[in-house]
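Derivation of every value follows stated rules applied to the coordinates shown; laboratory data play no part. In this text the structure is predicted, and so the values were computed from the model without any measurement. Neighbour counts run over all protein chains shown; Cβ positions are idealised from the backbone, glycine included.
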Amino acid sequence: MSAANVAVSVHVRADIALSFRSHPAEDRVVVQLGDTGGEVVLFLPRAEIDRLAGVLAAARESLTVPAVKAAA
């Protein structure tokens, strides 16, 4: 069976539900973005939680780095 590729875009706003379920016996969590009207669910083992957190921290930091000013 070949793998299927799917791209999903979600705009996370203040009114979007964010939740998670922990599965300690399996060392993973399930993170849900959205609700029944449309959702994205991430199945994350512990190492991938750390990797995702690092990407989000870098993304946030990129918004606080001053932009390089163009020469006048």
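Think of the chain as a dipole: +1 on every Lys or Arg Cβ, -1 on every Asp or Glu Cβ, centred on the Cα centre; then among Ala57, Val41, Leu18, Ala57 lies furthest on the positive end.
Give, as ranges by residue number, the residues of region 1-41 whose backbone N falls under 14 Å from the point 7 Å along Cα→Cβ of Ala53. Label zone hits: 28-29.
When the helix-only estimate is applied to the chain (DSSP H runs of n ≥ 4, each -39,500 (n - 2.57), divided by the residue count), what is the mean residue ellipticity at 222 nm, nearest 500 deg cm²/dmol?
Numbers: 1 runs with 19 residues, N = 72.
That comes out to -9000 deg cm²/dmol.
How do Leu52, Leu44, Leu63, Leu18 line up, fewest other C-beta atoms within 10 Å first?
Numbers: Leu52 13, Leu44 16, Leu63 6, Leu18 10.
Least crowded to most crowded, the residues run Leu63, Leu18, Leu52, Leu44.
Would you mind working out the magnitude of the charge dipole of the chain relative to its Cα centre, with +1 at each Lys and Arg C-beta and -1 at each Asp and Glu C-beta, to the nearest 20 Debye?
On the way: 7 positive and 8 negative charges, 52 e Å.
For the chain, the charge dipole is close to 240 debye.
Between Phe43 and Val31, the modelled labels are 1.7 nm apart [label points 7 Å from Cα along Cα→Cβ].
Against the empirical curve 2.2 N^0.38 Å, the C-alpha radius of gyration of the chain lands at a ratio of 1.50. As a proxy for reagent exposure, ranking Arg60, Arg28 by other Cβ atoms within 10 Å from fewest up yields Arg60, Arg28.
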